[in-house]
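Readers should treat all values here as calculations from the given coordinates under stated rules, not as data from a laboratory. These figures come from a predicted structure and were not determined experimentally. Here the Cβ positions follow ideal geometry from the backbone for every residue, glycine too, while neighbour counts run over all protein chains shown.
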Amino acid sequence: SRAEGSSQQLKKANFRAAALRRAARGLARKRSQITSGESVSQGSGKVKGVGPGTAYYINEFLAHGKIAELEQFEQQNEQDKRKQSEKPKEEEVASETRQEQTDKQAEKEANENQNDPDDTIIVNRAPVLTLWVTVVAERNGFTRQEALTYGKWVAGILAQAKGKAEGRFSTTQSEDHQGPPSKKRKRDDNDLVQFFGDIKVPVQKAEEGQRYAPDANGEDTVDPDDVQEYLERVMGDKLKKVQEAMQYLAKTKSKEKLKEEAYELYEDFRPAYKGWGQKSELYLPKIRGLADTN
């Protein structure tokens, strides 16, 4: 009947009016349209917290029966809600540590490099850091023999620091890496070299006027031949390819930039951490990909 039809239309209009008011309140808050906290008359009811500007549009829509505009408001409100709900996910991704992102990238590259074994080596981090420090030192003008001793010293110091942080070594053990107190002596700037970020490597005069890093006991200097043999034993026939990739990366950086970024670059390409002393994949394309090509 006509009366029943009018009743249905009235219910529909009231429902859409209510939807409009909900949408208007949400939009008013999100778009800073609220200019007054006073209640504004809206025909059959009041909408609290809606400013005069928004109230004007509500009145206009209701007065002229602009159903399309009501629906548009509702759709816009839903879109705003969806965007708002996506923000926590974006923040969660942004909050991931650099190492987590690096490890995920490593896993991705593991799948990509399954058919290219020559560009992948399974190794733990210590020899990788030793070789990288060696390459960086050579790029900064030190001899190969000197650089090898610096690589061994830096890798040892950082391993001790990590072990201490994880509770694997006592403070005394960590200090012993520098040598027993009786063997320690006050150093001046001439006894230190700095080429790898903020790390200062202590040096001692060795054969033929070269300066080597001290060994773990502090009683003698590191033997560069021992370090070379260590790298060959750990990396085998892939040592040359790994070294060439690192040298390529180092040569694309100025000496000053390489000094500043050396450790960060290592963090970017080093094998993923799978536990103390555990081996993981080192990807050579990843090393080359960090080069400055501009």
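Table for the structure above
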item	result
Cross-link table LYS259/LYS279; LYS152/LYS241; LYS205/LYS274, entries beyond 31 Å C-alpha to C-alpha	LYS205/LYS274
Estimated distance in nm for a label pair at ASP237 and SER254, the labels positioned 7 Å out from Cα along Cα-to-Cβ	4.2
Relative exposure of THR252, THR134, judged by other C-beta atoms within 10 Å (fewest first)	THR252, THR134
MET246, MET235 arranged by Cβ crowding within 10 Å, fewest neighbours leading	MET235, MET246
5 angstrom amide H check on ASP220, placed H, neighbours 5+ away	ASP215
Amide H contacts under 5 Å for ALA206, placed H, 5+ residues apart	ARG211, TYR212
From phi via Karplus (6.51, -1.76, 1.60), per-residue ³J(HN,Hα) for segment 136-146 in Hz, x at Gly/Pro	5, 5, 4, 4, 9, x, 7, 6, 4, 4, 4
Derived scalar couplings ³J(HN,Hα) [segment 119-135; Karplus, 6.51 cos²θ - 1.76 cosθ + 1.60; whole Hz; x for Gly, Pro]	9, 10, 9, 8, 7, 8, 6, 4, x, 5, 5, 4, 5, 5, 4, 4, 5
Estimated inter-spin distance, GLU264 and ASP226, nm [label 7 Å along Cα→Cβ]	3.5
Footprinting exposure proxy for THR120, THR130 (fewest neighbouring C-beta atoms within 10 Å first)	THR120, THR130
Potential extension, ASN217-GLN247 segment - 0.36 nm per residue separation minus Cα distance	7.7 nm
Distance-filtered residues of segment 243-266 - backbone nitrogen under 13 Å, label point 7 angstrom along GLN194 Cα→Cβ	259-260
Long-range amide H partners of ALA272 with built H, under 5 Å	GLU281
Spin-label model distance (nm) - GLN75 vs THR143, 7 Å beyond Cα toward Cβ	7.7
